[in-house]
Each structure stands twice: as C-alpha cells, then as structure tokens.
Amino acid sequence: MERRGDWPVGSPWVRRAVEAVPRDGFAPDRLWEWDGHRWVSVERGADPERWGRVVYAGPDEAAVTQVSEGVPSSSLSCQAVVADMLDCLVLEPGRRVLELGTGTGWNAALLARRAGPGRVTSVEVDPGLAAAARERLGAAGVRVAVRVGDGVAGWAPGAPYDRVIATYAVERVPWAWVAQTRPGGRIVTPWGHLGHVALTVAPGGRSAVGRVQGLARFMPARGTGRTPDFRQVRGDGPAEDERPLCRDPGPLRDDPHLRFALRVALPRLRITTGTDADGVSAWLHDGTSWATLSALGPGRTVAHQGGPRRLADDLERAWDDWLAHGRPELYEYGMTVEPDRQYLWCRDPVTGPRWRTADREAIGPRPPGVSPVRGQGRRASRG
C-alpha cells in the first residue's frame with residue numbers, strides 16, 4: 001500500500017485504523033480459495049500458512065469468507081478499496097455512522113476507530129454472520145451495534161445518521177438510505193458491481209447527488225439472484241448472425257473508461273475477454289442474448305450473435321457514442337437520487353445526458369460533446 005501510494009493522503013486515520021485493527025483478527029477460521037475449477041476451503045487449523053496467505057493475498061485481493069451454492073456470498077474486501085471508500089466517506093470523530101453489510105465486522109471496526117465508541121450501527125441480513133461479527137468486535141474491544149435486518153431498509157431506529165456506507169453493490173440506491181441521512185450527510189456505496197459513488201444529501205433531504213469515486217468489483221445484495229454464465233445463455237444452437245467486426249476488441253480488456261461507459265449504456269451486458277496468439281476475443285451476454293467477438297489474426301475479428309437482441313451491434317453503437325463524445329472518463333459520471341427516480345449523468349447533473357438506474361434507458365437529449373465514462377486511477381475529487 002505504501003509503495004503504491006494507496007494510503008489516502010487526506011485521511012491519515014485510515015492507515016492508523018488498519019494498523020490498530022489487523023485484518024486477520026476478523027477473518028474466520030475457514031476461508032475459500034479458487035483452484036481454477038471451484039471454490040475450496042482453506043482451514044486455519046489445518047494449514048495456517050496458506051490461510052494467512054489468503055487473508056493477506058495483496059491490497060487488491062478480497063478474502064472469500066462464505067460460499068453459498070458454489071458462489072461467494074461474503075468476503076473481507078480488498079484492503080485498497082476499503083481504504084479508498086473510507087477516505088470517500090470524509091468521516092470525522094463523533095459522527096453517527098450506518099453501515100450496510102457487516103460481514104466479518106472488520107470494516108465496522110475501522111469505522112468505530114474513527115467515529116468513536118457507540119457511534120456505528122451495522123446491519124447484516126445473515127444472522128450467523130451478524131453473531132460472529134459481534135463476537136469478533138467484542139473480542140477486539142470495539143463497541144459497534146450490530147443489527148440483523150435487510151440493508152435495503154437501512155436502520156430507522158438509529159436515524160438520522162451523518163454517514164452511510166454500504167459494503168455490497170446496488171443497482172438502485174434505496175431511498176431509505178437518503179431519508180435516514182442528515183442534510184449535508186454523505187452516502188458511499190458500490191454501484192453496479194463496477195465502481196463506487198459518494199453522494200451528499202441536499203438541504204431539505206429531498207435528493208442526494210455525487211460522483212463516481214473509483215473502480216472496484218463488489219458482491220451484489222443478497223437475494224438479487226445469480227447471473228447465468230455465457231455457456232448457459234449461448235446454448236448449443238447455431239449463431240443467428242455472423243459478420244465482420246471492424247474494430248479491435250482489445251480496449252474491452254484494457255480500457256476501464258470504455259468498460260464503465262458500456263456498463264452505463266448497456267446495464268445488463270456482461271463482458272469476458274481472453275487473449276491468444278490471434279489477439280483479444282470477447283464473449284458478451286445479457287442473460288438472454290449472446291455474442292462472440294473472435295480474433296482471427298491482425299486486423300481481423302468476426303462477430304457471431306444470437307437471441308432476441310444483437311449485442312455486438314448494441315456494443316458498437318455504445319462504443320461509437322463514447323468515442324464521438326471525446327472518451328469521457330469514469331470520474332465524469334455521477335448520480336442523482338430523488339424519492340421517485342434516480343439516474344446517472346455525465347459531466348453535468350443538469351445539462352448532461354441521463355440514464356435511469358432502474359433500466360437505464362436514456363431520459364433526456366444528449367447535448368453535443370457529452371457522453372458516458374472516465375478515469376484511470378482509483379480516486380476522484382471528494383466533491
């Protein structure tokens with residue numbers, strides 16, 4: 001973290017909190033590791049060195065702490081992202097904090113180091129995880145109120161809060177989070193499994209507005225269902241359409257700003273890439289339709305697609321739109337949340353293009369020179 005400059009300069013308390021509350025103290029005795037085919041358990045008692053390597057795999061690596069039906073359902077988030085989100089929260093001592101998604105309790109402990117004893121309420125939907133987190137927090141001498149409930153509803157008995165932070169991704173920010181936050185308060189949450197936003201509640205509490213702050217992948221909220229993989233959507237039938245693709249798919253692998261733009265414009269699209277001697281290929285699906293972009297050597301790519309939509313065509317249109325508007329970076333995106341609607345916008349919350357977060361159809365004209373995306377680094381300004 002120090003070598004890479006990942007410790008937040010404006011929030012030196014974050015590093016002090018991480019040093020005072022070691023990550024391994026909140027890791028369960030059983031962790032999970034991907035062996036290339038499936039998730040396998042790593043037991044502290046049977047192999048403590050391997051267990052330790054999973055806990056401290058690196059600043060960008062999460063430690064999976066729970067697997068349900070073969071899919072990770074809880075984790076110790078990667079340390080670099082935890083530090084970045086805590087920095088985004090702009091947390092001062094004495095502030096009242098609501099955390100959604102207690103997990104192991106480590107993030108709640110870090111929050112409590114800054115906010116103070118009894119100032120943090122954390123909500124966890126899984127009673128077993130909540131009980132284990134209470135035990136770890138108690139053993140560490142950290143006073144956090146851990147409640148069992150659905151984070152979508154926030155925790156009204158403790159409102160109003162000065163700060164709200166979620167540890168799982170949402171497609172829509174629940175209005176309860178805004179309603180339970182004081183005007184001028186801040187909400188930091190992962191959005192859309194790809195980045196996180198920081199919103200400030202407006203005077204009067206009738207809206208919350210803010211910008212994308214960084215890239216990271218997060219687990220979705222419980223109960224959102226499993227996304228089918230490409231093979232399930234593709235099936236065994238022949239392609240319904242085949243055509244040359246007049247562009248290199250390489251940026252789908254390498255350009256985070258393009259990936260974010262596509263995520264906004266095509267919210268259900270899932271992209272996987274692979275590289276071989278012929279170049280970069282990509283596999284696309286949205287749960288019902290599919291496309292493959294197959295590299296055939298220098299300058300040659302062919303698209304095959306099937307299903308109700310032509311995803312390769314949709315992708316090219318969204319890609320062209322991004323290029324036409326000057327390749328905006330992910331940090332030029334923001335979000336506005338109101339009681340009856342919420343939307344993403346680019347560059348300007350009033351005059352920029354908008355996409356509803358429910359289904360992300362465009363809801364306004366696209367002014368000249370404005371479009372989706374931005375950012376190579378993880379941090380944006382804290383505005």
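FYI, it's all coordinate maths here, none of it is from the lab. The shown structure was predicted, so the numbers you read here are calculated from the model rather than taken from an experiment. Every residue, glycine among them, receives a Cβ derived from its backbone with ideal geometry; neighbour counts consider all protein chains shown.
Distance from the alpha carbon centroid of the stretch 239-306 to that of the stretch 77-127 works out to 38 angstrom. Only beta bridges with both residues in the chain are counted; by DSSP, about 75 percent of them are antiparallel. Note on Arg327 and Arg15: with the Förster distance fixed at 30 Å, the Cβ-Cβ geometry gives a FRET efficiency of about 0.30. Other residues whose C-beta falls under 11 angstrom from the C-beta of Gly185 contribute a net charge of +4, scoring Lys and Arg +1 and Asp and Glu -1. With N counted as the residues of the stretch 84-218, its alpha-carbon radius of gyration over 2.2 N^0.38 Å works out to 0.96. Here the scattering of the stretch 1-72 is modelled by Debye summation over its C-alpha atoms, one equal scatterer each and no solvent; at q = 0.15, 0.24, 0.26, 0.27 Å⁻¹ the log10 of I(q)/I(0) is -0.60, -1.08, -1.18, -1.24.
Dividing the Cα radius of gyration of the stretch 1-130 by its Kirkwood radius returns 0.98 for Rg/Rh. How far is helix 79-89 tilted off the main Cα axis of the chain, in degrees rounded to 10, range 0 to 90? Between the helix axis and the principal axis of the chain, the angle is about 80 degrees. Overall size of the chain from C-alpha positions, given as principal axis extents largest first: 63, 55, 38 Å. The simple Förster model, with R0 at 25 Å and r as the Cβ-Cβ distance, assigns Arg243 and Thr272 a FRET efficiency of 0.75.
Trypsin sites (Lys or Arg not before Pro), restricted to the stretch 112-161: which are DSSP loop and have at most 14 other Cβ atoms within 10 Å?
Counting only loop positions with at most 14 other Cβ atoms within 10 Å, the trypsin sites (Lys or Arg not before Pro) in the stretch 112-161 are Arg143.
Spin-label pair Arg143-Ala202: with each label point 7 Å from Cα along the Cα-Cβ axis, the two points sit 3.8 nm from one another. Between Gln66 and Ser73, Ser74, the built amide H atoms are under 5 Å apart, and every one of these is 5 or more places off in sequence or on another chain. For the stretch 131-280, the spread of Cα positions along the three principal axes, ordered from largest to smallest, is 58, 38, 27 Å.
Angle of helix 256-265 to the longest C-alpha principal axis of the chain, folded into 0 to 90 degrees and rounded to 10: 80°. Across every pair of non-identical alpha carbons in the stretch 230-324, the mean reciprocal distance, once inverted, gives a Kirkwood radius of 13.3 Å.
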